[in-house]
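Participant: Let me begin by handing over the structure; questions about it come next.
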Amino acid sequence: MKKIAILSILLMVSLLVVPGQAQEKKFGLGIILGEPTGLIAKYWTSRTTAFDIAGSWSFAGANDSFHLHADYLLHSFNLFKVEKGRLPFYYGIGVRLSLQDETRFGIRVPVGLSYMFDGTPIDIFVEFSPVMDVIPATEVKFLGFIGFRYYF
C-alpha cells in the first residue's frame, strides 16, 4: 500500500508539467485510495455531465472483495470559487457490484469535490458514496475515497 501511495504522488508531481486542462480532454484515468482502492476512469459527455467507472478492492471487514461501479455524474461549477483552477461539486446515481463470498448488487449515490488544475490535464478529488445493496438483501453502507485522474 505504501508503494502505491508513493508511486501515485510521484506520478502526480511528474504530470503537473504537462500542458492542458482536465475537462478539455474528455477521458481521464486514475487511482482511488480509501474504501475501496483501485482504478477509476471518467468520460465527460458535456460541460457538466460525465460517466465514471471503477474497478477496486475492498479490504474492510472479514471478507476482502472486488468492486465494480458505474455512475452518471452532474457537476456544479458555481458552488465554490477558487483563484486558480476550478472546484466543481458533483453528485450522481450509479450501480455497484461487489464480488465476495455472496455477490452483492446495489445502488450508489456519489457526492464529491474535484479540483481541476489550470493548464494541466489532472484532477484530484474526494468522494463519499452511500450504497444500498438490494441483492441478495437490503443493506446500506458508506464508502469514501480520494483520488486523481490524468486526462488523455
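No lab work stands behind these numbers, since they all come straight from the coordinates. This structure is a prediction, so every number in the text was calculated from the model and none was measured. Cβ sites come from the backbone with ideal geometry, for glycine too, and all protein chains shown count toward neighbours.
Participant: Within the group 36, 88, which residue is in contact with a strand residue (DSSP E or B) (Cβ under 6 Å, 6 or more places away or on another chain), closer than 19 Å to residue 150 by Cβ and surrounded by 14 or more Cβ atoms within 10 Å (Cβ to Cβ)? Break it down stepwise before answering.
Facilitator: Working: 36 fails: closer than 19 Å to residue 150 by Cβ.
Being in contact with a strand residue (DSSP E or B) (Cβ under 6 Å, 6 or more places away or on another chain), closer than 19 Å to residue 150 by Cβ and surrounded by 14 or more Cβ atoms within 10 Å (Cβ to Cβ) holds for just one of 36, 88, which is 88.
Participant: Also, quick follow-up: Filtering the stretch 127-145 down to residues that are hydrophobic (A, V, I, L, M, F, W, C) and surrounded by fewer than 15 Cβ atoms within 10 Å (Cβ to Cβ), which residue is farthest from residue 30 (Cα to Cα)? Working first, answer last.
Facilitator: Applying the first criterion (hydrophobic (A, V, I, L, M, F, W, C)) to the stretch 127-145 yields 128, 131-132, 134-135, 137, 140, 142-143, 145.
Remaining after also requiring surrounded by fewer than 15 Cβ atoms within 10 Å (Cβ to Cβ): 128, 132, 134-135, 137, 140, 142.
Numbers: 128: 17, 132: 25, 134: 28, 135: 29, 137: 32, 140: 27, 142: 21 Å.
Only one residue fits best here, namely 137.
Participant: Continuing with this model, one more query. Just to be sure, is residue 101 farther than 28 Å from residue 77 by Cα and loosely packed, with under 13 Cβ neighbours inside 10 Å? Break it down stepwise before answering.
Facilitator: Details: farther than 28 Å from residue 77 by Cα: yes; loosely packed, with under 13 Cβ neighbours inside 10 Å: yes.
So residue 101 passes the test.
Participant: Among the numbered criteria (1) acidic (Asp, Glu); (2) over 15 Å from residue 27 (Cα atoms); (3) crowded, with 20+ Cβ neighbours inside 10 Å, which one does residue 64 miss?
Facilitator: The failed condition is (3).
Participant: For residues in the stretch 42-61 being polar (S, T, N, Q) and assigned to a strand (DSSP E or B), which is surrounded by the most Cβ atoms within 10 Å (Cβ to Cβ)? Before the answer, list the steps.
Facilitator: Of all residues in the stretch 42-61, those polar (S, T, N, Q) come to 45-46, 48-49, 56, 58.
Remaining after also requiring assigned to a strand (DSSP E or B): 49, 56, 58.
Values: 49: 14, 56: 24, 58: 20.
Filtering first and then ranking leaves 56.
Participant: A further question on this structure: For the stretch 72-129, which residues satisfy the criterion of being of a type in the set (Gly, Ala, Ser) and outside any strand (DSSP E or B)?
Facilitator: The answer is 85, 119.
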